[in-house]
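Mind having a look at this structure? Questions to follow.
The values are calculated or read from the model by the stated rules, or taken from the named source; none is laboratory data. Quick caveat, the model's predicted, so the values are computed rather than measured. Virtual Cβ from ideal backbone geometry, glycine too; neighbours counted across all protein chains shown. Protein only, heavy atoms only, side chains kept; ligands, DNA and RNA dropped before computing areas. Shrake-Rupley method; radii C 1.70, N 1.55, O 1.52, S 1.80 Å.
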Amino acid sequence: MITGVGHTGIVVKDMDKMVAFYRENFGFEKVLDTQVEGKEADDIVNFHVESERIVMMALGDIQIEMLEYRPSGRDYPNDYLSNDLFGVHLALETDNMDQDYQQLKEKDVTIISNGPQTIPDTHPIFAGTKVLYVQDPEGHPLELIQMPN
């Protein structure tokens, strides 16, 4: 039986850049940095790769697994939209949306949303929740979410 979610995986092109982004902007810390090659990597992903660098980042109980393959695959498409069927995002909880928004703007993080948005009181699940969508340097969408008090 499934007992929980172990981690979220993100495929990246430039591991060092992405590790720095998640550490500097959100406080994640690297807890594992390893590499597998050849058949060992192939057997894991069921396609041929020369190597696979794996970095686990943690923030409290949350873990992100970043995977850098050689050779790398396709980039996020420039015309990516949240309703694309391959679309996935990581939601990060915050307790101060306005402060985080200002800090991300000052750090030139790409903001997708038109500023922080408050979900209307008529929403059946997330009424009063503040949300903000941003992108990491490689185009992965991230949601910042602040639940109402």
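Report whether or not PRO124 is under 21 Å from GLY9 (Cβ atoms) and part of a loop (DSSP other than H, G, I, E, B).
Against the criterion (under 21 Å from GLY9 (Cβ atoms) and part of a loop (DSSP other than H, G, I, E, B)), PRO124 does not qualify.
Separate question: Pick from the range 24-53 the residues that are among the small types (Gly, Ala, Ser) and not in a strand (DSSP E or B): which of them is nearest to VAL11 (Cα to Cα)?
Of everything passing the filter in the range 24-53, ALA41 is nearest to VAL11 (Cα to Cα).
Tally the residues that are of a type in the set (Gly, Ala, Ser), at pLDDT below 90 and on the phi < 0 side of the Ramachandran plot, restricting the search to the range 1-26.
Counting residues in the range 1-26 that are of a type in the set (Gly, Ala, Ser), at pLDDT below 90 and on the phi < 0 side of the Ramachandran plot gives 1.
Still on this structure, please answer the following. Assigned to a loop (DSSP other than H, G, I, E, B) and open to solvent by 80 Å² or more (accessible area, probe 1.4 Å) - does that describe any residue in the range 54-69?
Within the range 54-69, one or more residues are assigned to a loop (DSSP other than H, G, I, E, B) and open to solvent by 80 Å² or more (accessible area, probe 1.4 Å).
Provide a single number: the residues in the range 94-110 that are in a loop (DSSP other than H, G, I, E, B) and under 16 Å from PRO137 (Cβ atoms). Explain how you work it out, then say what you get.
Narrowing the range 94-110 to residues in a loop (DSSP other than H, G, I, E, B): 94-96, 107-109.
Then keep just the ones that are under 16 Å from PRO137 (Cβ atoms); that gives 107-109.
Qualifying residue count, the range 94-110: 3.
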